[in-house]
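Worksheet for the structure shown next.
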Amino acid sequence: MKRLFTSLMVLTAMLCSITTQAAEYDLSVGGVTVTDANKSDIKPSGLTAGKISFSSNTLTFDNVTMKVTGQYLIYNKGIEGLKVVIKGTNKL
């Protein structure tokens, strides 16, 4: 019985240590890869104002102020039919 309990404890510890990784899209903004975890609020390091989001093959810049150096602003690695929507006043 003690062996079964120990085995169950080890199995539980192993299952608790497994982390799920957010799915990645073939898209990055300002060097940040878009994932399921960040797609509703993408925050590259040069972002100082506004909001960047991605949904249904549409990348939206909403009143964004952002400075990008050393990487592409938008790098589409394979999203077919990507649309970019610019809302409000954006300074890129």
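All conditions in (1) touching a Gly at 6+ places or on another chain (Cβ under 7 Å); (2) at negative phi; (3) open to solvent by 50 Å² or more (accessible area, probe 1.4 Å) hold for Val84, with the sole exception of (1).
For the stretch 25-45, indicate whether the set of residues that are of a type outside the set (A, V, I, L, M, F, W, C), at positive phi and assigned to a strand (DSSP E or B) is non-empty.
In the first step, residues of the stretch 25-45 are kept if they are of a type outside the set (A, V, I, L, M, F, W, C); the result is 25-26, 28, 30-31, 33, 35-36, 38-41, 43-45.
Next cut, at positive phi only: 30-31.
Add one more test, that the residue is assigned to a strand (DSSP E or B), and what stays is none.
Looking through the stretch 25-45, none of the residues is of a type outside the set (A, V, I, L, M, F, W, C), at positive phi and assigned to a strand (DSSP E or B).
Scanning the stretch 51-92 for residues that are part of a loop (DSSP other than H, G, I, E, B) and without any contact (Cβ under 8 Å) to a residue 40 or more places away in the chain yields Ser56, Asn57, Lys67, Val68, Thr69, Gly70, Glu80, Gly81, Gly88, Thr89, Leu92.
The values are calculated or read from the model by the stated rules, or taken from the named source; none is laboratory data. The shown structure was predicted, so the numbers you read here are calculated from the model rather than taken from an experiment. A quick note on method: Cβ atoms are made from the backbone with ideal geometry, for glycine too, and the neighbour counts reach across all protein chains shown. These accessible areas exclude ligands, DNA and RNA; they are computed on the full protein's heavy atoms, side chains included. Shrake-Rupley method; radii C 1.70, N 1.55, O 1.52, S 1.80 Å.
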